[in-house]
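First the structure, in the form of structure tokens, and then the observations on it.
The values are calculated or read from the model by the stated rules, or taken from the named source; none is laboratory data. In this text, all values refer to a predicted model and were calculated from it rather than measured experimentally. Don't worry about glycine lacking a Cβ; one is built from the backbone with ideal geometry, like all the others, and counts go over all protein chains shown. Note: accessible area is taken over every heavy atom of the protein model, side chains too, but ligands, DNA and RNA are not part of it. Shrake-Rupley method; radii C 1.70, N 1.55, O 1.52, S 1.80 Å.
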2 protein chains.
Amino acid sequence: MSPRLPELPPDVFPAAARRVMARCDELARVTATPGRIERVYLSTEHARVNRLAAEWMREVGMTTSQDAAGNQIGRLAASEPHAPALMLGSHLDTVPDAGRFDGIVGVLMALEIVRLLRAPHADGWISPLPFALEVVAFSDEEGTRFGKALLGSSAVAGTWSDEWWSLTDADGTTLREAFREFGLDPGRIGEAARRPDELVGYLEAHIEQGPELDRRGESLAVVSSIASARRFQLVIEGEARHAGGTPYDMRRDALLGASEAALAVERICRGEHHIIGTVGQLEAFPGAVNIVPGEAHLSLDLRGEYDGSRDRVWDEISADLDGIMGVRGLRWHAREVHNAAAVMCAPLLRDVVREGILETLPRGADEPATIFSRAGHDGMAIGAITDVGMLFLRNPDGISHHPDEAVSIGDVSLGIRALAESVLHLAAEHR
Amino acid sequence: MSPRLPELPPDVFPAAARRVMARCDELARVTATPGRIERVYLSTEHARVNRLAAEWMREVGMTTSQDAAGNQIGRLAASEPHAPALMLGSHLDTVPDAGRFDGIVGVLMALEIVRLLRAPHADGWISPLPFALEVVAFSDEEGTRFGKALLGSSAVAGTWSDEWWSLTDADGTTLREAFREFGLDPGRIGEAARRPDELVGYLEAHIEQGPELDRRGESLAVVSSIASARRFQLVIEGEARHAGGTPYDMRRDALLGASEAALAVERICRGEHHIIGTVGQLEAFPGAVNIVPGEAHLSLDLRGEYDGSRDRVWDEISADLDGIMGVRGLRWHAREVHNAAAVMCAPLLRDVVREGILETLPRGADEPATIFSRAGHDGMAIGAITDVGMLFLRNPDGISHHPDEAVSIGDVSLGIRALAESVLHLAAEHR
């Protein structure tokens with residue numbers, strides 16, 4: 001078997017990319033909020049996109065199943081029936097008011113890789129691969145509904161925690177109840193877990209969700225690692241008082257403490273290299289126009305290339321908040337809701353992704369970019385059971401988690417070719 | 001008729017104060033939120049407290065009616081049937097998670113004044129007053145439900161605006177729909193308006209909602225004026241982006257702009273005399289833990305003793321916000337939702353309130369305190385049609401709009417006596 005794709009008709013990759021883009025549009029119409037894209041875990045929209053994905057998996061010859069955590073899986077067996085599988089994929093869930101490519105484009109590109117690699121060609125180069133191919137459409141990566149990210153891939157990695165069953169959504173529905181409403185049995189969650197010996201590795205294509213490739217003028221990048229992340233919910237407590245009658249020297253205004261906290265996060269992280277902190281949620285209570293806020297809630301999302309520097313920055317922020325709240329007579333506490341160590345991409349998978357991208361570049365071109373992912377991905381969970389590799393696609397202006405999120409059809413076309421070449425390079429290594 | 005109360009049994013005022021306190025407790029149990037006090041305009045709780053107030057009005061001999069804006073009114077005619085009325089009162093609606101005295105204590109004290117002044121005494125001093133007495137329990141002062149304060153008293157003042165009909169509550173119900181659901185006819189709102197020639201003036205007792213009297217160690221104060229107020233809803237627009245992938249130099253974070261705005265309001269107002277600004281509401285959108293906020297909404301409540309300084313400070317805040325938002329690449333705009341000019345208490349009513357308080361003090365005591373009200377009151381609207389006077393009661397630690405809001409039974413007892421004396425002094429002036 002050749003480690004490279006043969007000459008193919010010139011329109012093969014653009015046609016595949018057009019199909020990916022059309023399906024991104026089709027999936028964007030499956031939303032809980034007309035006019036916006038919102039598709040959360042265990043919703044009716046989740047069930048609808050799983051059915052669509054299963055149909056498309058069968059169309060490229062895969063057998064399909066939905067696992068015990070609602071992940072949609074397609075499998076193309078190897079000629080050797082007990083051969084382990086290379087897992088390709090990404091997620092189909094979204095943030096609120098999302099773009100149409102984050103996660104989704106990776107699932108749809110994976111289907112095109114399967115289509116390409118099993119297509120009959122005149123010179124019969126394709127089969128058999130030394131491993132099975134699986135495409136996984138993960139059910140929850142964003143954590144939009146229950147505040148806990150990576151639920152789908154954690155189930156596959158066997159790192160599901162029973163504590164999560166009592167997480168609730170905005171309507172007070174627990175994760176356990178949502179499982180049942182979706183038709184899943186919480187008692188069978190363990191069946192979603194995969195064993196390391198069943199897997200060759202996990203390869204994912206994803207938009208960069210940052211501006212690096214756009215700034216460089218390049219289409220594709222090798223991912224070196226997925227950032228380390230911690231998330232906190234902060235509560236600041238002061239005293240609610242009448243807005244008119246309470247002079248400033250008697251106020252303990254929780255909202256002003258929260259405002260200073262948000263600005264402190266920005267100031268401290270800006271002074272760092274490769275650390276980024278974001279306050280995405282802030283709310284004041286009781287939340288009346290004429291009451292000094294007695295309580296404020298805010299979220300903190302903290303990411304870094306390395307766990308150590310991320311943790312040191314959190315300590316600095318904590319010390320700063322102690323000072324701010326002390327001056328204002330406020331109390332504060334934080335609850336950690338997410339903690340993910342940095343995941344390094346496996347050297348072999350980095351190498352085959354690099355080889356795949358090189359196949360798309362003119363001879364003598366510069367080395368493809370290697371960047372670390374500041375965003376979290378399903379590979380963070382899957383890294384617990386198998387090697388992880390990732391390919392990034394240029395994301396114009398770095399806009400993601402926003403309706404303006406984009407990727408060009410040309411870059412998707414190059415990405416499909418690069419990823420298919422990567423799989424063949426990996427197959428050659430497995431001979 | 002004597003301008004002063006006769007000698008009365010020593011327990012008359014304490015007994016009246018005990019009744020006021022017990023009724024404050026009774027009204028506190030009429031709430032939309034068990035365990036907290038919340039009673040908003042045109043709610044079932046509003047209807048229930050109106051029924052209670054009407055019962056208590058009839059108990060002291062008044063005829064009762066509910067006007068076209070849901071205000072509950074009691075009237076005790078003068079012997080001269082066409083004599084104008086002295087209006088006493090305050091409001092029965094509350095902020096969310098309110099205390100039990102703001103507004104309420106003024107309505108209940110007014111009922112005790114009526115009881116005192118019409119009580120048969122051995123020396124027959126009481127009747128007839130040269131004016132009718134009315135007690136009004138205003139239906140909406142706080143503006144909790146529709147964001148617009150003073151709806152009840154604006155109807156009485158004849159300053160209702162048809163623009164308000166389309167205001168909506170948190171559930172999307174319009175003010176017009178809420179009127180109908182409550183059993184009121186929006187087309188008859190004009191019938192609530194009173195003519196200046198029907199009224200002698202308006203006298204209100206209210207807790208201070210500030211710490212001045214508590215700091216001085218005094219029970220009662222004459223109010224000189226009610227603060228000038230403006231309220232704005234501010235919208236800050238940036239761009240929602242992925243929290244991990246977007247470097248700081250590409251962010252246009254609306255929440256950080258809003259945080260700087262809230263702190264700028266505090267900094268500018270702290271540098272002023274008698275101006276106070278409060279941001280009571282702040283929310284970030286889309287409000288996800290992993291998205292840089294693209295939009296933030298905040299409220300601003302701005303009060304001052306004089307309209308001119310209040311407006312100058314708003315101009316300063318606006319200029320500051322232009323600077324903050326410019327640096328951050330954000331846009332902002334403000335919608336003014338409330339604008340009330342300062343209302344000066346009428347010299348005659350200030351004088352009778354002062355005389356009333358003096359009656360409660362030992363001979364040779366210092367002059368009673370005169371303070372201006374930073375909080376808004378129904379008198380701000382009623383000032384459009386008649387003279388306004390107010391009496392403040394000490395509010396321990398100045399805590400109001402909070403469950404810990406308090407007033408002592410001793411101060412209520414003194415307040416009832418002072419207000420009754422004030423009415424007799426006013427009657428003497430009207431001879």
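Computed values, structure above
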{"read-out": "Of all residues in region B:251-262 being out of contact with any Gly (no Cβ under 6 Å at 6 or more places or on another chain) and among the aliphatic types (A, V, I, L, M), the one that is farthest from residue A:371 (Cα to Cα)", "value": "B:262"}
{"read-out": "Test for residue A:330: is it over 16 Å from residue A:231 (Cβ atoms), in contact with a helix residue (DSSP H, G or I) (Cβ under 9 Å, 6 or more places away or on another chain) and in contact (Cβ under 8 Å) with a residue 60 or more places away in the chain", "value": "yes"}
{"read-out": "Exclusive hit being more than 9 Å from chain A (Cβ to nearest Cβ) and in contact (Cβ under 8 Å) with a residue 40 or more places away in the chain, set B:268, B:291, B:276", "value": "B:268"}
{"read-out": "Test for residue A:159: is it of a type outside the set (D, E, K, R), open to solvent by 10 Å² or more (accessible area, probe 1.4 Å) and either modelled with pLDDT of 95 or more or outside the structural domain of residue A:388 (by TED's automatic domain parsing) (or both)", "value": "yes"}
{"read-out": "Members of region B:266-318 found to be closer than 17 Å to residue B:252 by Cα and aromatic (Phe, Trp, Tyr), listed by number", "value": "B:285"}
{"read-out": "From the options A:303, A:252, A:241, residue that is in contact (Cβ under 8 Å) with a residue 24 or more places away in the chain, of a type in the set (Lys, Arg) and more than 10 Å from chain B (Cβ to nearest Cβ)", "value": "A:252"}
{"read-out": "Check on residue B:394, in contact (Cβ under 8 Å) with a residue 40 or more places away in the chain, within 14 Å of chain A (Cβ to nearest Cβ), of a type in the set (D, E, K, R) and under 30 Å from residue B:252 (Cα atoms)", "value": "no"}
{"read-out": "In region A:372-403, the residues that are at pLDDT 95 or above and among the charged types (D, E, K, R)", "value": "A:378, A:387, A:394"}
{"read-out": "Qualifying residues in region A:69-111 (those that are closer than 30 Å to residue B:241 by Cβ and of a type in the set (Asp, Glu)) - the one surrounded by the most Cβ atoms within 10 Å (Cβ to Cβ)", "value": "A:93"}
{"read-out": "Output for region B:174-210, where each listed residue is within 14 Å of chain A (Cβ to nearest Cβ) and outside any strand (DSSP E or B)", "value": "B:208, B:209, B:210"}
{"read-out": "Single unsatisfied condition, residue B:281 versus (1) more than 10 Å from chain A (Cβ to nearest Cβ); (2) open to solvent by 50 Å² or more (accessible area, probe 1.4 Å)", "value": "(1)"}
{"read-out": "Residue list for region A:289-336, filter: of a type in the set (Val, Ile, Thr) and either in a helix (DSSP H, G or I) or surrounded by fewer than 17 Cβ atoms within 10 Å (Cβ to Cβ) (or both)", "value": "A:313, A:317, A:324, A:327"}
{"read-out": "Region A:221-246, subset outside any strand (DSSP E or B) and open to solvent by 10 Å² or more (accessible area, probe 1.4 Å), residue farthest from residue B:247 (Cα to Cα)", "value": "A:240"}
{"read-out": "Test: residue in region B:375-394 that is assigned by TED's automatic domain parsing to the domain that holds residue B:148, open to solvent by 30 Å² or more (accessible area, probe 1.4 Å), farther than 24 Å from residue B:420 by Cα and not small (Gly, Ala, Ser)", "value": "no"}
{"read-out": "Residue tally, condition within 14 Å of chain B (Cβ to nearest Cβ) and not polar (S, T, N, Q), over region A:332-377", "value": "14"}
{"read-out": "Every residue from region B:348-365 that is farther than 21 Å from residue B:207 by Cα and open to solvent by 60 Å² or more (accessible area, probe 1.4 Å)", "value": "B:348, B:362, B:363, B:364"}
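Per-residue answers, yes or no, for (1) open to solvent by 20 Å² or more (accessible area, probe 1.4 Å); (2) part of a helix (DSSP H, G or I); (3) among the small types (Gly, Ala, Ser); (4) touching a residue at least 40 places away in the same chain (Cβ under 8 Å):
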position: B:21; (1), (2), (3), (4): yes, yes, no, yes
position: B:25; (1), (2), (3), (4): yes, yes, no, yes
position: B:32; (1), (2), (3), (4): yes, no, yes, no
position: B:36; (1), (2), (3), (4): yes, no, no, yes
position: B:39; (1), (2), (3), (4): no, no, no, yes
position: B:42; (1), (2), (3), (4): no, no, no, yes
position: B:45; (1), (2), (3), (4): yes, yes, no, no
position: B:51; (1), (2), (3), (4): yes, yes, no, no
position: B:56; (1), (2), (3), (4): no, yes, no, yes
